[in-house]
Amino acid sequence: QVRLRESGGGSVQSGGSLTLSCAVSGYTKQYSLGWFRQASGNEREGVAAIDSDNRTGYADSVKGRFTISQDIAKNTLHLQMDSLKPEDTAMYFCAAVPRLSAAAVAGAKIPGEESGDFGYWGQGTQITVSS
């Protein structure tokens, strides 16, 4: 079983920083781990991803502001978010995705009806960025 649980959500003013963490279990080195966000509707947008070799990918909208990392020994995934903007407001999910590269995961936009086929998901944590 692949299990994921996010923590670290909250509210911050524009320009501030937050760090998200995700406890992950049950995945293999063939999985990429990533962060997605869902602002409205049912689409989950790839934000950042990392594979077992620490190769990373980022959505253009967060490149230079967000940093993804993992602690393999502790089975944890992190997302450092700096220079936050109101448009970053969303529910953030961590995900384990088999077979795909980090770049592919970070660039993905997944309709809700396809999310189960795409990979495994945490329960989500809310990020709200105020002006």
Just to confirm, what accessible area per residue do you get for the stretch 55-131 at 1.4 Å probe, in whole Å²?
50 Å²
Sites Ser40 and Asp71, calculated FRET efficiency, Cβ-Cβ separation with R0 25 Å, nearest 0.05
0.20
Calculated from DSSP H runs of 4 or more alone, at -39500 (n - 2.57) each and per residue, what is the 222 nm mean residue ellipticity of the chain, nearest 500?
-1000 deg cm²/dmol
Carbon plus sulfur, as percent of the 1.4 Å-probe accessible area of the chain, comes to 46 percent
What aspartates and glutamates does Lys74 reach when the alpha-carbon gap must be under 20 Å and sequence neighbours fewer than 8 apart in one chain are set aside?
Glu6, Asp51, Asp53
Sequence-separation-based contact order of the chain, relative, with Cα cut under 8 Å and 6+ spacing, percent
37 percent
About the Cα centre of the stretch 83-131, what is the dipole size in debye to 20, counting +1 per Lys and Arg Cβ and -1 per Asp and Glu Cβ, all else neutral?
140 debye
antiparallel share of DSSP beta bridges within the chain, to nearest 5, in %, is 90 percent
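The values are calculated or read from the model by the stated rules, or taken from the named source; none is laboratory data. Just so we're clear, the structure is a prediction, and the values are computed from it rather than from any experiment. In this analysis, Cβ positions are derived from the backbone assuming ideal geometry, glycine residues included, and neighbour counts consider all displayed protein chains. These area figures cover heavy atoms from the full protein model, side chains too; ligands, DNA and RNA do not enter into them. Shrake-Rupley method; radii C 1.70, N 1.55, O 1.52, S 1.80 Å.
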